[in-house]
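Each value in this text was obtained by applying a stated rule to the coordinates, not by laboratory testing. Bear in mind the structure is a predicted one, so any value in this text is a computation, not a measurement. FYI the Cβ positions are ideal-geometry reconstructions off the backbone, even for glycines, and counts take in every protein chain you see.
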Amino acid sequence: MTEYRITKETCEKGHEGRVCSRCGKPIQALETVDNARNPTYWSGCQECGYFDNGVTPRVYDIAGILYGHYRLRPHTSATSEDIIKGEQMHELCRMVQCVEGASDIHTERMKEE
């Protein structure tokens, strides 16, 4: 029996209900090896091959609105259209997560006052 550094079940708990920040497809536990060539599972997107814990569908939807409706486009050095959009969506998802985190902190501070 193979001993995994991170089991499939542990990996799945870390990304449950999340989607890829690049393409919006569900994050999955992907069987791979770590840097020491030990078998393990990492969270990632089977569709675009990106290893990531993903984002909530809400964050991805908001990033999509910023990308589509407001035409907000972070800079990227990529050349392929699909890769460009993926990298830009990833950056927008990071921005949305930062704003949501700041909003949560602000709400907590307002409760303290």
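For the chain, the spread of Cα positions along the three principal axes, ordered from largest to smallest, is 54, 45, 22 Å.
Partner aspartates and glutamates whose Cα lies under 17 Å from the Cα of Lys85, excluding those fewer than 8 positions away in the same chain, are identified as Glu47, Asp52, Asp61. For a straight C-alpha distance cut-off of 24 angstrom, the lysines reachable from Lys8 (same-chain residues fewer than eight places away being disregarded) are Lys25. Taking a straight line from the alpha carbon of Lys111, not one of the aspartates and glutamates sits under 13 Å away once near neighbours fewer than eight places off in the same chain are left out. Listed values for the range 41-47 are Karplus-derived 3J(HN,Hα) couplings in whole Hz (6.51 cos²θ - 1.76 cosθ + 1.60, θ = phi - 60°), namely 10, 10, 6, x, 9, 5, 5, and x replaces Gly and Pro. Here the label points at Thr79 and Ile105, each 7 Å from Cα along the C-beta direction, are separated by 4.0 nm in the simple model. Comparing Cα centroids, the range 10-26 and the range 50-82 end up 15 angstrom apart. Note: relative contact order over the range 1-54, using C-alpha pairs below 8 Å and six or more positions apart, is 37 percent. Working from Cα pairs under 8 Å separated by at least six residues, relative contact order for the chain is 23 percent.
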